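Contents: one structure, followed by commentary.
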Amino acid sequence: MLRLDKFLSERGVASRKELKEIIRSGRVCVDGVPQCRPEAKIDPERSVIQVDGKQISSRRSHSYMLHKPLGVVTATEDRSEKTVLDLLPPELRRLGLFPVGRLDKDTSGLLILTNDGDFAHRAISPKSTVEKCYSARVEGVLDEEDCRAFHEGITLKDGTRCLPAKLELLEKDVCLVRITEGKYHQVRRMLASRGKPVLTLHRLSIGALRLDDSLAPGEWRELSEEDLCRVFS
């Protein structure tokens with residue numbers, strides 16, 4: 001038996017704090033009956049759990065933090081390239097994991113792998129406004145005009161409008177970029193639009209979840225419930 005709020009939190013529905021209000025407001029049904037107690041015990045294998053009419057899978061979810069190295073593609077399979085799943089042992093590849101969002105082949109850093117579709121959808125949904133932080137080294141010299149342009153929102157050459165973002169100068173050619181979107185090659189294209197082509201790009205964090213300093217490129221660790229909640233902090 002498992003607490004209702006813990007079950008829903010483990011499946012990425014919301015944080016434990018948010019779930020208390022969701023459950024108490026009557027939005028959660030257990031076997032067709034509204035359940036208003038977060039601490040109520042349920043059998044994940046037998047009970048039918050619904051939130052706002054949508055059934056929540058009873059399958060235990062698994063999520064992992066991966067330090068994605070350069071030269072590896074963010075995909076579940078590829079005929080000619082090594083993928084992020086190829087970095088995992090066979091027992092993890094059998095879990096049905098897939099990447100949450102993507103990092104391109106020439107970008108390293110934090111990547112989440114999961115088999116929880118609900119969590120993944122919530123993490124990448126524009127409505128969630130989850131902030132991703134990148135460290136970038138560029139060709140050229142960054143300045144305050146670049147910071148202002150990012151703050152106002154950049155329009156790319158093809159007309160794509162990027163939401164306001166944050167650019168923090170660390171060195172003359174090194175910066176931190178924080179965005180809440182996930183457009184194709186967005187950070188590279190935004191900096192290129194300022195005449196500062198990216199030389200190296202590394203993702204440091206997703207929400208308040210930071211890449212562990214102890215993980216070398218290609219290494220991974222399982223994420224806890226607290227870790228997953230940090231994504232939305």
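The values are calculated or read from the model by the stated rules, or taken from the named source; none is laboratory data. Remember, it's a predicted structure, so these values are computed and weren't measured experimentally. Cβ atoms come from the backbone with ideal geometry, glycine included; neighbour counts cover every protein chain shown. Please note that ligands, DNA and RNA were not included when accessible areas were found on the heavy atoms of the full protein model with its side chains. Shrake-Rupley method; radii C 1.70, N 1.55, O 1.52, S 1.80 Å.
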Single residue of segment 217-228 satisfying the filter (open to solvent by 40 Å² or more (accessible area, probe 1.4 Å) and in contact (Cβ under 8 Å) with a residue 40 or more places away in the chain) that is farthest from Leu92 (Cα to Cα): Pro217
Subset of segment 39-81 that is farther than 30 Å from Arg210 by Cβ and among the acidic types (Asp, Glu) - its residue that is nearest to the chain's Cα centre (by Cα): Asp52
Close pairs (7 angstrom Cβ cut-off, 6 or more residues apart or separate chains): at positive phi in segment 112-129, among the hydroxyl-bearing types (Ser, Thr, Tyr) anywhere: Thr129/Thr180
Hits in segment 141-187 (condition: of a type in the set (D, E, K, R), surrounded by fewer than 16 Cβ atoms within 10 Å (Cβ to Cβ) and at pLDDT 95 or above): Asp143, Glu144, Glu145, Arg148, Glu152, Arg161, Lys166, Glu168, Glu171, Lys172, Asp173
Residue in segment 87-108 that is in a loop (DSSP other than H, G, I, E, B), touching a residue at least 12 places away in the same chain (Cβ under 8 Å) and among the polar types (S, T, N, Q) present: no
Filter result (out of contact with any Leu (no Cβ under 8 Å at 6 or more places or on another chain), outside any strand (DSSP E or B) and surrounded by 12 or more Cβ atoms within 10 Å (Cβ to Cβ)) within segment 23-42: Arg24, Arg27, Asp31, Cys36
Failed item in (1) under 23 Å from Leu215 (Cα atoms); (2) surrounded by fewer than 14 Cβ atoms within 10 Å (Cβ to Cβ); (3) touching a Lys or Arg at 6+ places or on another chain (Cβ under 9 Å), with Pro90 passing the rest: (3)
Filter result for Asp158 (more than 28 Å from Asp227 (Cβ to Cβ) and either out of contact with any helix residue (DSSP H, G or I) (no Cβ under 8 Å at 6 or more places or on another chain) or outside any helix (DSSP H, G or I) (or both)): yes
Residue, farthest from Glu181 (Cα to Cα), within segment 198-233, restricted to residues that are among the hydrophobic types (A, V, I, L, M, F, W, C) and in a strand (DSSP E or B): Trp220
